[in-house]
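Since the structure comes first, as structure tokens, the remarks are kept for the end.
Coordinate-derived values only; no laboratory data. Computed from a prediction, not measured in an experiment: that's the story for all the values here. Because the Cβ atoms are built from the backbone with ideal geometry, glycine has one as well, and the counts that use them run over all protein chains shown.
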Amino acid sequence: MTEATNDLWQSLPVPAIMFDAGDLIVDANPSAESFLNASLRQVQGKPVFDALAIDAPVDEQARRARDDQTPLFMNNVDVGTGLGAPVSCNIQIGPLQDHPGHLLMLLQPQVLADRLGRAMPVKSAAKSAIGMAEMLAHEIKNPLAGITGAAQLLSMNLGADDQELTDLIVSESRRILALLAQVEHFGNLRPPDCAAVNIHDLLDRARKSASVGFAAHMRLVEDYDPSLPPTWVDGNQLLQVFLNLLKNAAEATGGSPGTIRLRTYYDTALRLRRQGGSAPLPLTVEIIDDGPGLPPEIAANVFDPFVSGRENGTGLGLALVSKIISDHDGWVSVDSGPGRTVFRISLPMASKAQQDEKR
Ligand SMILES: Nc1ncnc2c1ncn2[C@@H]1O[C@H](COP(=O)(O)OP(=O)(O)OP(=O)(O)O)[C@@H](O)[C@H]1O
Ligand SMILES: [Mg+2]
């Protein structure tokens, strides 16, 4: 490290941890030391995923970031250090160019949750943002209806030129109303009503509806592992997830043709690490596109509500994906670079009893 980079490393206000090809901690900055409640000397050489109890299959994802040399972003992950309550964090892991096999991990504790200062459940920051937005949506609707009504009344006595303006008020108000409806829909999401489901049936339904609608300009390719066992999910909610991902992939090309690959496979390595154990998440679905990749300035926050890189995007598509998948005890992550973006969803398998359950 040069002196300048060392200064940067020392004063970086977010916990940063560097670890090697064997996932052993090489370096941790002072923020990380206070986050871990341990000195660098104490943690150096220790397995990084033992020092941090991360509520996500992060070790496997880290291996992928290393193999593919692409950065990895995960949001709203509970990270525990063994002391106190776990903290909800956004995590970024990236390869280090000059140190083959080494990865750098940045942890961003969620400020909103901290600021509210209460003991909050998992994924709380996103939830409370949505709660506030819902309240706001409700409050905005009534005055907006008043404004629209008044504009319509006004327009009756106006000449054509001025009517254009009142029409604008009405059409823009409608757009706001549609956005508010989406926000409310988000808040009203019910707990999943699960059944044993063949994931390929859902993917097929999503693919068909995409191919005649928003993804008509795209080539949709199936790459399924037909032997995949059933998963335990709410079919309608999962369908929404796949549609949102396909829609984003189709929109990413900006109207030019492209290819979207729907891939499924069984991955025994992926486990959800929790404090006190881990659960397997073997069923993996990937939606892969060959578009330009996530805009770098929003890449770290795409799963947050209201983060959008599109002119008319509401930024709720991926927030909904993240919420639905976490309600299913599953996991979603994204690897993205120019020419290849992969949204990867990992889901639990339906148990024998669940598969036999008659509904
Ligand atoms: N496959 C992708 N390739 C490139 N960028 C993507 C991809 N998927 C998402 N993004 C980026 O992430 C942003 C957030 O996506 P999200 O679905 O949450 O919101 P949105 O598409 O902007 O709006 P909405 O889905 O609510 O209509 C998008 O605006 C886009 O910039
Ligand atoms: Mg979207």
message = Between Ala4 and Asp223, how high is the FRET efficiency from 1/(1 + (r/R0)^6) when r is the Cβ-Cβ distance and R₀ = 35 Å? Nearest 0.05.
response = 0.15
request  = State, to one decimal in nm, how far the label point of Ser39 lies from the label point of Asp329, with both points 7 Å from Cα in the Cβ direction.
outcome  = 4.2 nm
Cα centre as origin, Lys/Arg/Asp/Glu Cβ charges: the chain dipole, Debye = 820 debye
remark   = The ³J(HN,Hα) series, computed from each phi in segment 20-32 with the Karplus coefficients 6.51, -1.76 and 1.60 at θ = phi - 60°, rounded to the nearest Hz and given as x for glycine or proline, is 8, 4, x, 6, 9, 5, 9, 8, 9, 7, x, 4, 5
³J(HN,Hα) computed for each position of segment 176-190 - Karplus, 6.51 cos²θ - 1.76 cosθ + 1.60, integer Hz, glycine/proline x = 5, 4, 5, 5, 4, 4, 5, 4, 5, 4, 4, x, 8, 4, 7
task = Report the extension gain between Lys352 and Lys46 in nm, rounded to one decimal, defined as 0.36 nm multiplied by the number of residues separating them, less their alpha carbon distance.
result = 106.3 nm
query = Taking Cα centroids, how far is segment 33-58 from segment 160-220 in Å?
reply = 42 Å
request  = Mind listing the long-range amide H neighbours of Ala350? Cut-off is under 5 Å, sequence gap 5 or more, other chains count too, H placed in the peptide plane at 1.01 Å from N.
outcome  = Thr231, Trp232
Pair Ala85, Leu158: separation of 7 Å Cα→Cβ label points (nm) = 5.1 nm
query = For Ile169 and Asn312, what does the FRET efficiency come to when R0 = 22 Å and r is the distance between their Cβ atoms, rounded to the nearest 0.05?
reply = 0.75
Pairs of Lys in the chain closer than 24 Å at Cα, counting only those 8 or more apart or on different chains = 6
query = What is the magnitude of the charge dipole of segment 3-116 about its Cα centre, with +1 placed on the Cβ of each Lys and Arg, -1 on the Cβ of each Asp and Glu, and no other charges, expressed in debye to the nearest 20?
reply = 160 debye
key: Inter-label distance for Ile176 and Asn198, nm, one decimal - labels placed 7 Å from Cα along Cα-to-Cβ   = 4.9 nm
inquiry  = If you average the C-alpha positions of segment 64-95 and of segment 283-339 separately, how far apart do those two centres end up, in angstrom?
reply    = 16 Å
message = Taking a ≥ b ≥ c as the square roots of the Cα gyration tensor eigenvalues, with a/c under 1.5 meaning rounded and otherwise prolate when a/b beats b/c, else oblate, which class fits segment 3-116?
response = rounded
remark   = In debye to the nearest 20, the charge dipole size for segment 129-222, taken about the Cα centre with +1 at each Lys and Arg Cβ and -1 at each Asp and Glu Cβ, equals 400 debye
